[in-house]
Amino acid sequence: MTVSSIAIVGASLTGTRAAEALRSQGYDGAIHLIGGESHEPYERPPLSKRVLLESTAHADLALRQEWDSLALDLITDEHVVELDTPGRRVVMQSGREVIADRVLLATGGAARDLQAPGERLTGVHSVRDLEDAHALRAELHAAENVVIIGNGFIGLEVAASARACGANVTVVSLTRIPMERSLGARWGTLIGRRHEREGVVMRTGVGIAELHGTSRVTAVALDDGTVLPADLVIVGVGMTPRTELAEQIGLTVAGGIVVDALGATSNPAIFAAGDVAVQPAWRGEGLVRYESFHNAEQQGAAVAAAMLGCPAPVREVPWFWSDQFDMNIQVTGEVQSEAEIILRGDPDSDAFSAFHVSDGRLVGAFAINQGRDVRGAMSLIAADVAVSTEALADPSVDLRRLARSSR
């Protein structure tokens, strides 16, 4: 079938990168990039950091400075409400329709509700889009007592920003180890201790009973009976993938839209990518929903190739980063396993790397303020070659060069 029109539902990083990849591969048909926000696509990682600390306009975060060269139909402030796959119609809430031979669902997710009494009080925030971040910033700099619910990446990034604004910050979570799902127990514990060193109070292994207040939040009651004063609460307990359209047309959904390694769904005309997609893990063991900037870029390009029937780009090792206080935290591969850990530098210092080795091969790396090591580790993991633990521990060894020489 000749593909003459493609609709991308979700004017996100994934959607933008897919559109760019379509054009770079020579596709000259119509592209409709449809987003529910009033803005053109923008970068989201700064929302929990720079946007909270500085006056940051949309233009400072824009993914592209100009769109004319992509020759696409950029539709903002519209939500897609129906996919008529037999008729190839993509129907928006305003009644507008576009015809598409292929549809990419890059719908991302919504901030997960706390599901506790009081969560709709004024002063309770989440951070998912630019409006969320601007609303939080407007109150954060005057806040005295900030309670953050959730000790994942968003929660801890906002905690660091709130401390930078001078607030007393308490992080509350049912999970005992911060960011354990992504970092594993050892590195999650280390990050938690760094936060405590910066003055953040970590309350772990405890849930939320309710939020107190009449119109505005005044306190957070924990289920162990503790009541924390709060003039600002940030809920960061994860996201819920926006799978409504996929479910509407009967796609396979299991914690996200299930896709293959190229982003294909159970309908040959529909693809999915980014935070909403559940895909085979990088090593092919099980299904994973990667929530990262890197995955959004990679999967957007891969799905564009798949829609055109072109060879897919080489899939890179999963990689993500987070900035908290003076730490640039980077992770690649698998760091949750019981692999042998080789250190390059002192974990109590401001900069070090840790390499996870299994059966003589590098499988993952964690680093603080040593991004160069992580990029080198990605090359070694992808090469899947035997590595010398002495070389990994030696800061004078360039890991990217080592990967090239090992092939």
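The values are calculated or read from the model by the stated rules, or taken from the named source; none is laboratory data. If you're wondering where the values come from, they're calculated on a predicted model, not measured in any experiment. Glycine gets a Cβ as well: all are built from the backbone with ideal geometry, and neighbour counts include every protein chain shown. We work out accessible area using only protein heavy atoms, side chains counted, and drop any ligands, DNA or RNA first. Shrake-Rupley method; radii C 1.70, N 1.55, O 1.52, S 1.80 Å.
Annotations
- Helices that extend 20 Å or more along their long axis by alpha-carbon positions and average at least 0.0 on the Kyte-Doolittle scale are, among the DSSP H runs of the chain, 293-308.
- Net length gained if the chain between residue 293 and residue 135 were fully extended (0.36 nm per residue, minus Cα distance): 54.6 nm
- Applying 0.36 nm per residue to the separation of residue 350 and residue 285 and subtracting their alpha-carbon distance, the gain on full extension is 20.0 nm.
- Peptides 370-376, 158-164, 335-341, 323-329 ranked from most to least packed by the mean count of surrounding Cβ atoms within 10 Å: 158-164, 370-376, 323-329, 335-341.
- Projected label points at residue 201 and residue 323, each 7 Å from Cα along the beta carbon direction, are separated by 2.9 nanometres.
- Taking the helices alone, the chain has a mean residue ellipticity at 222 nm of -7500 deg cm²/dmol, built from -39,500 (n - 2.57) per DSSP H run of at least 4 residues and averaged over all its residues.
- The chain - percent of accessible surface contributed by carbon and sulfur, probe 1.4 Å: 48 percent
- Antiparallel content of DSSP bridges confined to the stretch 156-227, in %, to 5: 60 percent
- Centroid-to-centroid, using Cα positions, the stretch 178-230 and the stretch 1-77 are 35 Å apart.
- A protection proxy built from the mean count of other Cβ atoms within 10 Å ranks the segments 263-272, 79-88, most packed first, as 263-272, 79-88.
- In the chain, inverting the average of 1/r over every pair of distinct C-alpha atoms gives 22.6 Å as the Kirkwood radius.
- The overall shape of the stretch 90-233 is prolate: from the C-alpha gyration tensor, with semi-axes ordered a ≥ b ≥ c, the ratio a/c is 1.5 or greater and a/b exceeds b/c.
- Percent antiparallel among DSSP beta bridges (both partners in the chain, rounded to 5): 60 percent
- Close amide H contacts of residue 75 (hydrogens built in the peptide plane, cut-off under 5 Å, sequence separation of 5 or more or a different chain): 33, 34, 35.
- Cα gyration tensor category, rounded, prolate or oblate, for the stretch 321-407 with a/c compared to 1.5: prolate
- Residues of the stretch 338-366 falling in the label zone of residue 385, defined by backbone nitrogen less than 16 Å from a point 7 Å along Cα to beta-carbon, are 360-363.
- Accessible surface, the chain, averaged per residue in Å² (probe 1.4 Å): 43 Å²
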